[in-house]
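Here's the structure, in structure tokens; my notes come after.
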Amino acid sequence: MITTVTLNAAIDKTYIIPGFNLNSLHRAEQMNATAGGKGINVARVIRTLGEDVIATGFVAGFNGMAISEKLRQEGIPSDFITVEGESRLCLNVIDPEGGTQTELLEAGPSIPAEAIESMKERIAKLASHSSHVVFSGSLPKGCQLGLYAELITIARGAGAIPVLDTSGEALVEGIAARPYLIKPNEHEVVKLTDGNAEEEDDIKSALLRLAKQGIANVVVSLGERGALSAMDKQLFRVSIPRIDAVNAVGSGDSMVAGLVVADKRALPAEERLKLGAACGTANALMPSAGMVRLEDVEALKQQIQVETLL
Ligand code: ATP
């Protein structure tokens with residue numbers, strides 16, 4: 001199985017509000033609430049792709065109970081640690097008329113030291129039954145910046161392949177433990193390297209530097225422009241078809257799910273990148289974050305080009 005870790009789980013609420021404006025009253029006629037947080041999105045897409053998965057992390061309060069219940073209803077096995085406080089509510093307001101998307105993200109609970117120790121034990125136990133352990137998202141309050149590096153080392157020690165998808169300082173500290181795969185976007189890769197890594201050449205140099213640091217697989221996702229990747233000691237460009245995107249929130253998580261499932265199936269690099277990009281793009285076709293339809297994934301895979309650059 002594959003374990004996904006969401007240290008800051010959330011209820012993701014999406015409102016579709018045509019003509020959304022600041023300073024005015026709106027009634028949301030369409031509302032969708034799902035269990036979220038990046039690792040939970042990854043788990044959902046892994047499940048859709050047909051692999052066994054278990055979601056762990058921290059939950060708290062009524063929202064925490066709702067997260068566990070929603071996962072149960074979706075048939076996604078979970079093994080969360082409950083802490084005091086309230087899990088986050090993350091609001092995403094989409095205005096299809098104005099073409100805008102506004103996100104409001106709560107901070108979530110603070111994690112006490114003893115719960116962090118329990119999480120280390122939980123990861124060791126789950127990793128011993130898993131091919132991969134995927135760590136996704138921000139670190140909640142109470143967690144030290146080096147926590148992902150520690151958890152990655154624990155997962156690897158228990159025999160699983162560690163994957164890290166986070167940002168900012170948590171990513172900088174996390175890569176010290178050399179996760180097997182990271183999926184920064186272009187802004188995140190800037191923070192990992194000293195350069196101005198927004199141009200393609202800068203991203204390519206950043207990819208090569210990260211590969212030299214011992215991170216075997218780096219995928220820099222570029223939204224509707226596809227991705228660039230260093231994988232199996234080669235450099236690739238991934239081109240995706242133009243689509244009418246509905247909601248791209250969770251596309252990065254869906255991409256991670258595709259990459260990990262393809263890795264578990266021991267597919268060659270080009271096929272791993274195709275499945276990853278197809279899942280990311282399929283997610284952008286759905287109104288809800290972190291959700292794909294298998295038929296979209298299959299159709300998109302046929303339209304994605306992977307070019308070897310080096
Ligand atoms: P998030 O943090 O919301 O999960 P991200 O910034 O980590 O997203 P993106 O680069 O936005 O990740 O998206 C990952 C992949 O999903 C892209 O490489 C691409 O294949 C697909 N994708 C994302 N946005 C679009 C879009 N608007 N149209 C088509 N495909 C998209």
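No value in this document is a laboratory result; all are computed from the given coordinates. Quantities reported herein were computed from a predicted structural model and do not represent experimental measurements. Glycine also receives a Cβ, built like all others from the backbone with ideal geometry; neighbour counts cover every protein chain displayed.
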Could you tell me how far the Cα centroid of the stretch 234-272 sits from the Cα centroid of the stretch 150-219, in Å? 17 Å
What distance in nm separates the two pseudo spin-label positions at F62 and K191, each 7 Å out from Cα along the beta-carbon direction? 3.2 nm
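Under a point-charge model restricted to the Cβ atoms of Lys and Arg (+1) and Asp and Glu (-1), what is the dipole moment magnitude of the chain relative to its Cα centre, in debye to the nearest 20?
Working: 29 positive and 39 negative charges, 139 e Å.
Around 660 debye, computed over the chain.
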Please work out how much length the chain gains when fully extended from K212 to L267, using 0.36 nm per residue of separation minus the C-alpha to C-alpha distance, in nm with one decimal. 17.5 nm
Name the residue from M31, P268, V246 whose Cα lies farthest towards the positive end of the charge dipole of the chain, charges +1 on Cβ of Lys and Arg and -1 on Cβ of Asp and Glu. P268
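If R0 is 25 Å, what FRET efficiency do you get for L309 and D244 from their C-beta distance, rounded to 0.05? Intermediate values should be presented prior to the final figure.
Working: r = 29 Å, r/R0 = 1.15.
The calculated FRET efficiency here is 0.30.
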Viscosity 1.002 mPa s, temperature 20 °C: give me the Stokes-Einstein translational D for the chain in µm²/s, with Rh taken as the Kirkwood radius over C-alpha pairs. 111 µm²/s
Looking at the stretch 53-126, which GluC sites (Glu not before Pro) are DSSP coil and have at most 13 other C-beta atoms within 10 Å of their C-beta? E84, E97
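Under the 0.36 nm per residue contour assumption, what length would be gained going from the current alpha-carbon distance of H26 and E298 to full extension? Working shown, then result.
On the way: separation 272, 0.36 × 272 = 97.92 nm, distance 3.77 nm.
Answer, rounded to one decimal: 94.1 nm.
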Please find the FRET efficiency linking A113 to L91, where r is the Cβ-Cβ separation and R0 is fixed at 41 Å, and quote it to the nearest 0.05. 0.85
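Relative contact order for the stretch 1-81: what is it in percent, counting Cα pairs under 8 Å that are at least 6 residues apart? Write out the running numbers ahead of the final one.
On the way: 141 pairs, mean separation 30.4, N = 81.
Over the stretch 1-81, the number comes to 38 percent.
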If you keep only loop residues by DSSP, which trypsin sites (Lys or Arg not before Pro) in the stretch 159-244 have at most 15 other Cβ atoms within 10 Å of their Cβ? K233, R242
